1. Post the alpha-carbon centroid distance, the range 118-166 to the range 46-65, in whole angstrom.
2. Among V157, V31, V64, which one shows the highest mean-square fluctuation when the chain is modelled as a Gaussian network with alpha-carbon springs under 10 Å?
3. Across the range 38-43, in residue order, what do the Karplus-derived ³J(HN,Hα) couplings come to in whole Hz, using 6.51 cos²θ - 1.76 cosθ + 1.60 with θ = phi - 60° and x for Gly and Pro?
4. Working from Cα positions, state the angle (0 to 90°, nearest 10) between the long axis of helix 117-130 and the longest principal axis of the chain.
5. So what's the angle, to the nearest 10 degrees on a 0 to 90 scale, between helix 154-175 and the longest Cα principal axis of the chain?
6. At q = 0.09 Å⁻¹, what is the log10 ratio I(q)/I(0) for the chain, with the Debye formula run over Cα points and no solvent?
7. Given the -39500 (n - 2.57) contribution per DSSP H run of 4+ residues, what per-residue ellipticity at 222 nm results for the chain, rounded to the nearest 500 deg cm²/dmol?
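Throughout, read-outs are computed from the coordinates displayed, never taken from laboratory work. Keep in mind the model is a prediction, meaning the values are calculated, not measured.
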Amino acid sequence: MSVPGPGTAVRPTFRTTMTTKLTINGTQTTVESADTDLATALRSAGYTGVKCGCDGGECGASTVLVDGAPEMACGMATREAAGANIQTIEGLGSQDDLHPIQEAFVDHFAVQCGFCIPGMILEAKALLAENPDPTETEVRKALDDHICRCTGYTKPVAAILDAADRVANRQVATDGGTR
C-alpha cells in the first residue's frame, strides 16, 4: 500500500447521511443513518435484539417484521423501509409480560444461546398471523431461512406449535368466544 507524499491531493470519502422516518414498535421514529442496511440503523437506534449474523440476508438473525411481513433487516436498505411499521423483538413482550410465543420458547427450552431466537420468534408471529393452526411441516418451512447451531430446531418447532394454541386461547379469552 503506498502512502501519498507531501503535496499530493487526497480525495476524502463521504458517506451520505440520511434521515428516515419509521414506526418502530408503534412509535414513530426518525433514524439518522448513513446509507446503510436496516439492521445497522435499528441497532444504532438501540434495538439490539436485531442480530447481524451474516450481513447478507442468509441466516435469519436480523429478521424483523416490516408491515407484518418477516424481512431480514441486514438485506434491506434503510431507505426501503421509509414509512413502514417495523416490529422488533423489543416490541413483542416484556420480561414481566411475555408474548405467548416467547412463553412457549421458554417453556420448551427452545432458547439456548439466544442469538437466532428473536428472528425465529418474529417469524413465528408472522406465520401464526397468517396461519393460526400450522402443521409441523409448515412451521419447519417458515424457519427454513433461519440458521441455528444450538437447538437442532426440534424445540423451536415444538414451541411454535404450542404457541399456536396459546395465541388462539388468548384470542378466545379476549373475544369471549369459543374455539
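1. Using only Cα atoms, the two centres lie 17 Å from each other.
2. Comparing V157, V31, V64 in the GNM, the peak value goes to V31.
3. Residue by residue, the range 38-43 yields 4, 4, 5, 5, 5, 4 Hz.
4. Result, in degrees: 60.
5. So the helix axis and the longest Cα principal axis differ by about 70 degrees.
6. The computed values of log10 I(q)/I(0) come out as -0.37.
7. Here the helix-only value at 222 nm equals -10000 deg cm²/dmol.
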